[in-house]
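Data first, discussion second: the structure below is written as structure tokens.
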Amino acid sequence: MYQAESGFTLVELMVVMTIVAILTAIAVPEYQQYRARSFDLRALSDLRNVAIAEEAYFLDTERYLSCSDSACSVLPGVVALSQGVTLQITASSTSFTGTATHVQGTGKNYSWDSIGGGLLR
């Protein structure tokens with residue numbers, strides 16, 4: 001007697017592979033967007049932390065400090081910037097402005113103006 005073997009047909013396997021490919025095509029771009037936005041938030045967080053440190057520095061020295069990238073670690077409370085963040089602070093005797101961006105982010109550039117009320121949108 002002949003006994004039929006059980007298993008998946010080629011058509012069933014092709015349907016499953018097609019469904020997986022469609023789900024992957026949808027999920028991968030969404031994941032990349034979430035990841036880029038999280039890098040942007042690192043830049044924003046570092047800019048806010050350095051702005052607060054600038055104010056603390058001003059309370060101690062009565063002046064603001066111009067700095068960029070790792071040189072900003074001389075400010076009180078700033079140990080290091082997040083990896084990939086580019087930060088530039090330009091100070092005058094009564095105010096400072098700053099910009100920050102992340103190389104792996106969406107390209108958004110965050111700006112801070114101490115006279116203008118802080119974060120600029």
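The table that follows gives values for the structure above.
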{"quantity": "Residue within region 40-58 that is more than 21 Å from T90 (Cβ to Cβ), surrounded by 12 or more Cβ atoms within 10 Å (Cβ to Cβ) and of a type outside the set (D, E, K, R) present", "calculated": "yes"}
{"quantity": "A43 vs. criteria within 19 Å of D113 (Cα to Cα), in a helix (DSSP H, G or I), more than 18 Å from the chain's Cα centre (by Cα) and at pLDDT 95 or above", "calculated": "no"}
{"quantity": "Meets criteria (under 30 Å from T99 (Cα atoms), β-branched (V, I, T), assigned to a helix (DSSP H, G or I) and without any contact (Cβ under 8 Å) to a residue 60 or more places away in the chain) for I52", "calculated": "yes"}
{"quantity": "Search result, residues across region 82-114 that are assigned to a loop (DSSP other than H, G, I, E, B), touching a Phe, Trp or Tyr at 6+ places or on another chain (Cβ under 9 Å) and under 13 Å from S70 (Cα atoms)", "calculated": "S82, G84"}
{"quantity": "Residue check for E5: acidic (D, E) and assigned to a helix (DSSP H, G or I)", "calculated": "no"}
{"quantity": "Close pairs (9 angstrom Cβ cut-off, 6 or more residues apart or separate chains): surrounded by 10 or more Cβ atoms within 10 Å (Cβ to Cβ) in region 13-24, outside any helix (DSSP H, G or I) anywhere", "calculated": "V16/F8"}
{"quantity": "Positions within region 67-107 being more than 11 Å from A51 (Cα to Cα), surrounded by 15 or more Cβ atoms within 10 Å (Cβ to Cβ) and of a type in the set (S, T, Y), in sequence order", "calculated": "S82, T86, T101"}
{"quantity": "Sole exception among (1) touching a helix residue (DSSP H, G or I) at 6+ places or on another chain (Cβ under 8 Å); (2) more than 30 Å from I115 (Cα to Cα) for E5, by number", "calculated": "(1)"}
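The values are calculated or read from the model by the stated rules, or taken from the named source; none is laboratory data. Note that the coordinates shown come from a computational prediction; the quantities given were computed from them, not determined experimentally. Note that each Cβ is placed from the backbone with ideal geometry, even for glycine, and that neighbours are counted across all protein chains shown.
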